[in-house]
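Some notes on the structure that comes next.
The values are calculated or read from the model by the stated rules, or taken from the named source; none is laboratory data. Here the structure is a predicted model, which is why all the values come from computation and not from measurement. Neighbour counts are summed over all protein chains in view; Cβ atoms, including those assigned to glycine, are modelled from backbone coordinates with ideal geometry.
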Amino acid sequence: MPELPDITVYLEALESRILNHALERVQIAGPSLLRTADPSPQAAEGHTVTALRRIGKRIAIGFDNGVWLVLHLMIAGRLHWRVKSNESDKPKKPDGRRTLAAFLFDSGCLTLTEAGTRKRASLHVVQGDAALQVIDPGGIDVMAAPLEDFAGVLTSENHTVKRALTDPRLFSGIGNAYSDEILHRARMSPVKLTSRLAPEEIARLREAVRETMLDWFARLRAAAGAKFPEKVTAFREGMAVHGRYRQPCPRCGAKVQRIRYADNETNYCPTCQTGGKLLADRALSRLLREDWPRTLEELEGLRKQP
């Protein structure tokens, strides 16, 4: 799922392509994409883009008549841009299978695609800033919040630090991928409870959030250059732990481990983050019970057994 760095780079690319440009036509083929009835997407046709905003992990496109098109890409949704070369240049018509929507501007065509059969991407069409605010989950801006505000939000509910970072009601724009990277940079266990964090740990975590985001802002901007960002993925070359199960930690060389749950997994380095202890995978730990390995050494020993 595109998160804060990806959404930021998307918005920067859109700013130079559609801001102050008119939307000529909207085509929607995905039956599950549109989540609102009034106003219709066609209410934005013929109007000029005057604002672009990030609402959590959503991209909001505002028009001069107060209409907002709000896109949530979810896990597999991606945006693509095609420059309008001439009047006869027709954009690809959405088929509802992979291409769910097309937004034809006087400068080019923005399309929304979603891989796979489980269509989760969404489009909300709302009128006015007040209606736009309703969509906002309310998480704080992690790049702007001072340490006192960050600490207050982090400890407002007692959850694991991983869950707290990815809760959109608490923090805006952080998801599964970058939370793994943040916690690795902070040398912190993903299952540590927020109520047990010492002030210096909270300060270290906030610094890790900012450093991780700034690092990936720079990397993604450099990768895109002047082009529209096409290679948006949750598994990027250069990540320390996310998506790198059983690969060496770039800091200490220990093998990255994971906890799997639902459609997600948490990746971490046991040496750097958990004092060498393996975190219990719910399904496997229930199955193995007392045989669940507690350390990397025990785990490797089990793997070497015939």
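Side notes on the structure shown:
Each row is one residue, and each column tells you yes or no for (1) among the charged types (D, E, K, R); (2) modelled with pLDDT of 95 or more; (3) farther than 30 Å from residue 181 by Cβ.
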residue	(1), (2), (3)
12	yes, yes, no
24	yes, yes, yes
37	no, no, yes
45	yes, yes, yes
53	yes, yes, no
66	no, yes, yes
97	yes, no, yes
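- Qualifying positions in the range 39-54 - surrounded by 15 or more Cβ atoms within 10 Å (Cβ to Cβ) and closer than 17 Å to residue 19 by Cα: 44, 45, 47, 48, 49, 52, 53, 54
- Within the range 247-263, the set of residues being loosely packed, with under 15 Cβ neighbours inside 10 Å and at pLDDT below 95 comprises 260, 261, 262, 263.
- Scan of the range 73-84 for residues that are touching a helix residue (DSSP H, G or I) at 6+ places or on another chain (Cβ under 9 Å) and either of a type in the set (Lys, Arg) or surrounded by 17 or more Cβ atoms within 10 Å (Cβ to Cβ) (or both), ordered by number: 73, 79, 81
- Count of the range 120-134 residues which are within 17 Å of the chain's Cα centre (by Cα) and either surrounded by fewer than 17 Cβ atoms within 10 Å (Cβ to Cβ) or not hydrophobic (A, V, I, L, M, F, W, C) (or both): 2
- Pick from the range 1-48, criterion farther than 27 Å from residue 139 by Cβ and in a strand (DSSP E or B), ranking: nearest to the chain's Cα centre (by Cα): 28
- Of all residue pairs spaced 6 or more apart or on separate chains, those with beta-carbon atoms under 7 Å, a first member in the range 176-201 that is assigned by TED's automatic domain parsing to the domain that holds residue 273 and modelled with pLDDT under 95 and a second member that is assigned to a helix (DSSP H, G or I) and hydroxyl-bearing (Ser, Thr, Tyr) are 176/166.
- Qualifying positions in the range 97-117 - loosely packed, with under 15 Cβ neighbours inside 10 Å and either in contact with a Cys (Cβ under 8 Å, 6 or more places away or on another chain) or in contact (Cβ under 8 Å) with a residue 24 or more places away in the chain (or both): 106, 115, 116
- Options 187, 169, 98: the member that is basic (Lys, Arg) and at positive phi: 187
- Candidates in the range 234-246 are the residues that are at negative phi and surrounded by 12 or more Cβ atoms within 10 Å (Cβ to Cβ); of these, the one that is nearest to the chain's Cα centre (by Cα) is 234.
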